[in-house]
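The values are calculated or read from the model by the stated rules, or taken from the named source; none is laboratory data. Quick caveat: nothing in here was measured; it's all calculated off a predicted structure. All Cβ positions, even for glycine, are placed from backbone atoms using ideal geometry, and neighbour counts span all protein chains on display. The protein model used for the area step is the full one, side chains on, heavy atoms only, and it has no ligands, DNA or RNA in it. Shrake-Rupley method; radii C 1.70, N 1.55, O 1.52, S 1.80 Å.
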Amino acid sequence: MQATAQAHPNIAFIKYWGDQDPELRIPVNGSLSMNLDCLYSRTTVEFDQELDKDELLIGGQRPDDMAVSRVSRFLNRVRELADFATCARVSSENNFPTGSGIASSASGFAALSLAASFAAGLELDQQALSRLARRGSGSACRSVPGGFVEWLPGNDDDSSYSISVVAHDHWDLRDCIAIASREHKSTGSTSGHNLAGTSPFQAARVADAERRLDLCREAIINRDFQAFAEVVEMDSNLMHAVMMTSQPPLYYWQPATLDVMQSVIEWRSTGIPVCFTIDAGPNVHVITTSESSDGVMEKLEQIPGVLEVMMGEPGREARLIS
Ligand code: DP6
């Protein structure tokens, strides 16, 4: 009745923004991401007859009631599948600081899905596990398979899950994460997804998503950095255009965010393989090749307003530790 699992966060190259079904987290468009190897969540789940409610610790601390009830609702789904009612003790650690601006919901719910389903005696294949993780956090379904991962949007619970496009060792990319702020974001992605439809740009973003997915998938398969850079930056800008034109508008950028974006464009014009992508926060994920990563890290550290730079490489699938 106890298991521990580890999963990596992922950075989306083609973004998920907006749901067809917010309850089931069926997205309006497919998305594509890369798992980040050096960052991880490690989660232990123990179902215990003695408990009268679920208990949750994150980094040794009890989180707020909202986080506890989100995890409890997720565990209800596991209990439903396993056909029992036992409460669980859940303990999760991230090797990256929770306040660092790096989202832990993808790695957290991917690790929780694997640990909880195994502890409950369910033997789920990768597709079923990805579908389960999706119920906790949409992007978590992309942290279940390894390497470069595509979320097939589908239109119901059965058809919405992620698959690995190519393994982690297919392309030696690096994600240099420039931290522009350590503040907690004011509007989390869950409420952000609900606002997406209020932007007049969302329909255009979604209508063109399959074309961008095709371009990005091909660029990754062919290791074509120039084609990759163009579509990744375009997709990030489209999502932020939707965010900024939602009602109410969402502005995630800080001045340092824009400084990094402009520097990256300038570096690329000098021949360095580098591009940016930004999630629902101010930090910039600067994607480059392993050969160029030391130089890019050095340059990023010199930009005033960049507090810290972390580096990730393509990561594997979610896996059991014990
Ligand atoms: C901007 O998966 O965090 O990072 O399902 O509400 O947990 P919830 O949303 P989440 O949304 C991710 C949004 C994004 C883009 C992406 O990762 O595709």
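The table for this structure:
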quantity	calculated
Qualifying helices (runs of 4 or more DSSP H) (wholly inside segment 207-322; at least 3 residues being among the polar types (S, T, N, Q), out of contact with any His (no Cβ under 8 Å at 6 or more places or on another chain) and open to solvent by 10 Å² or more (accessible area, probe 1.4 Å))	255-269
Residue that is nearest to the ligand (Cβ to nearest atom) [pool: residues in segment 189-198 that are open to solvent by 50 Å² or more (accessible area, probe 1.4 Å) and modelled with pLDDT of 95 or more]	ASN194
Test for ARG174: is it over 20 Å from GLY18 (Cα atoms) and modelled with pLDDT of 95 or more	yes
Hits in segment 107-136 - residues which are within 13 Å of the ligand (Cβ to nearest atom) and open to solvent by 10 Å² or more (accessible area, probe 1.4 Å)	GLY108, PHE109, ARG135
Only listed residue being part of a loop (DSSP other than H, G, I, E, B) and closer than 30 Å to CYS176 by Cβ, chosen from ILE102, ILE163	ILE102
Evaluation of ALA203 against (1) free of Cβ contacts under 8 Å to residues at least 12 places away in the same chain; (2) within 15 Å of the ligand (Cβ to nearest atom); (3) open to solvent by less than 80 Å² (accessible area, probe 1.4 Å); (4) not basic (Lys, Arg) (one fails), failing number	(2)
Options SER181, SER186; residue that is at pLDDT below 95, at negative phi, open to solvent by 50 Å² or more (accessible area, probe 1.4 Å) and among the small types (Gly, Ala, Ser)	SER186
Residue that is farthest from the ligand (Cβ to nearest atom) [pool: residues in segment 1-28 that are in a loop (DSSP other than H, G, I, E, B) and buried (at least 19 other Cβ atoms within 10 Å of the Cβ)]	HIS8
Scope segment 137-158; condition buried (at least 24 other Cβ atoms within 10 Å of the Cβ), of a type outside the set (Ser, Thr, Tyr) and either away from the ligand (no atom under 14 Å from the Cβ) or closer than 13 Å to ALA5 by Cα (or both); matching residues	VAL144, PRO145
Hey, GLN61 in contact (Cβ under 8 Å) with a residue 24 or more places away in the chain and more than 15 Å from the chain's Cα centre (by Cα) or not	no
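Yes/no matrix, rows are residues, columns are (1) within 16 Å of the ligand (Cβ to nearest atom); (2) open to solvent by 50 Å² or more (accessible area, probe 1.4 Å); (3) of a type in the set (Gly, Ala, Ser):
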site	(1), (2), (3)
CYS38	no, yes, no
VAL45	no, no, no
ASP52	no, yes, no
GLY60	no, yes, yes
GLU80	no, yes, no
THR86	no, no, no
ALA103	yes, yes, yes
